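Beneath this line is the structure, given in structure tokens, with notes to follow.
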Amino acid sequence: MMPNTVADVMTRDPICVRPETPLNEAIKILAAQRISGLPVVDENGKLSGILSETDLMWQESGVNPPAYIMFLDSVIYLENPAKYERDLHKALGQTVKEVMTDQVVSVHPDKSLREAAKMMHADGYRRLPVTDASGKVIGILTRGDIIRAMAASQE
């Protein structure tokens, strides 16, 4: 039988990092643990962001300046220069806080696995931090967790 809730299949007590964790330390954790993302928590264990391989790709790929045109000696940006500054900051960041994604969607442990899977699929999330009522990280749900649960329910 397929598990019903996020709590049934989530990885409990996931490895987390703090915003001030040096980026090179976080990269070593990702590589050593063979995982693609880490919840970022404050000193109380509350979710403040997530660090993913995508965030780290900025470090290697660099940043392209925004496209612009010159008109009467004025620069007219065709893209948002604030986005460029944000991207540049990600590319040059030295701590987790500087490159993490701080707009994070999380899920409660009692949410149905079906609903969580729909959220992940619809929005392209590879992982969802699982938080309790106070916002503290108690687990993480990955696509792999859902696939393993589906496979187990087939047996």
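So is Ala31 in a helix (DSSP H, G or I), small (Gly, Ala, Ser), modelled with pLDDT under 95 and exposed (fewer than 15 other Cβ atoms within 10 Å of the Cβ) or not?
Numbers: in a helix (DSSP H, G or I): yes; small (Gly, Ala, Ser): yes; modelled with pLDDT under 95: yes; exposed (fewer than 15 other Cβ atoms within 10 Å of the Cβ): yes.
Yes: the conditions hold for Ala31.
Restricting the range 105-127 to residues that are without any contact (Cβ under 8 Å) to a residue 60 or more places away in the chain and assigned to a loop (DSSP other than H, G, I, E, B), the residue that is nearest to Met10 (Cα to Cα) is Ser106.
Only a single item in (1) open to solvent by 70 Å² or more (accessible area, probe 1.4 Å); (2) of a type in the set (A, V, I, L, M, F, W, C); (3) in a strand (DSSP E or B) is not met by Val40, and it is number (1). Flag: Pro19 matches the condition of being open to solvent by less than 100 Å² (accessible area, probe 1.4 Å), part of a loop (DSSP other than H, G, I, E, B), under 19 Å from Lys97 (Cβ atoms) and modelled with pLDDT of 95 or more. Here Leu47, Leu78, Leu72, Leu56 are screened, and the one residue that is within 21 Å of Met120 (Cα to Cα) and at pLDDT below 95 is Leu56. Against the list (1) open to solvent by less than 70 Å² (accessible area, probe 1.4 Å); (2) more than 17 Å from Asp42 (Cβ to Cβ); (3) part of a helix (DSSP H, G or I), the condition Leu141 fails is (3). Taking the condition without any contact (Cβ under 8 Å) to a residue 24 or more places away in the chain and outside any helix (DSSP H, G or I), does Val130 pass? So Val130 fails the test.
Out of all the residues in the range 94-111, is one or more farther than 24 Å from Arg18 by Cα and not small (Gly, Ala, Ser)?
Start the filter on the range 94-111 by keeping residues that are farther than 24 Å from Arg18 by Cα, which leaves 110-111.
Imposing the further condition that a residue be not small (Gly, Ala, Ser) reduces the set to 110-111.
Yes, the range 94-111 has at least one match.
Filtering the range 111-132 to residues that are under 21 Å from Val40 (Cβ atoms), open to solvent by 20 Å² or more (accessible area, probe 1.4 Å) and at pLDDT below 95 leaves Met119, Asp123, Gly124, Tyr125, Arg126, Arg127.
The values are calculated or read from the model by the stated rules, or taken from the named source; none is laboratory data. Just so it is clear, the structure is predicted and the values come from calculations on it, not from any experiment. In this analysis, Cβ positions are derived from the backbone assuming ideal geometry, glycine residues included, and neighbour counts consider all displayed protein chains. These accessible areas exclude ligands, DNA and RNA; they are computed on the full protein's heavy atoms, side chains included. Shrake-Rupley method; radii C 1.70, N 1.55, O 1.52, S 1.80 Å.
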